[in-house]
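Read-outs: derived from the displayed coordinates by stated rules, not from any lab. Note that this is a predicted model, so its numbers are computed, not measured.
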Amino acid sequence: MNKEAVPEGTAFLEAHVMIMERYLNMVEGGERRVELTAEEEAAILAAYDYGLTSMGEEEIQELHAVLAKLKDQIHP
């Protein structure tokens with residue numbers, strides 16, 4: 001993400017709240033099921049254990065694939 005595009009301080013928090021409110025109005029919550037590859041599962045575990053900033057480009061792409069699958073289950 002372009003750092004210049006990200007507001008700082010209070011403005012950032014206000015923007016974040018506005019974004020979350022927008023999406024909270026679109027969802028209901030509930031159980032979601034997705035089928036994951038071994039690579040996607042490994043990327044999830046690595047992100048949990050070491051954080052997103054430690055991830056390489058390939059691992060980030062695996063996480064994006066998981067997010068896309070979840071997004072399709074939440075809001076097709």
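Length gained on full extension, Glu14 to Gln73, computed as 0.36 nm times the residue gap minus the Cα-Cα distance: 18.4 nm.
Calculated translational diffusion coefficient of the chain (4 °C, 1.567 mPa s; Stokes-Einstein with Kirkwood radius over alpha-carbon pairs) equals 88 µm²/s.
With contacts taken as Cα pairs under 8 Å at a separation of at least 6 residues, the stretch 3-74 carries a relative contact order of 34 percent.
Across the stretch 31-39, rounded Karplus estimates of 3J(HN,Hα) from the backbone phi angles (6.51 cos²θ - 1.76 cosθ + 1.60, θ = phi - 60°) give 7, 10, 10, 9, 9, 10, 7, 4, 5 Hz, Gly and Pro being marked x.
The stretch 57-76 and the stretch 10-44 have Cα centres lying 10 Å from one another.
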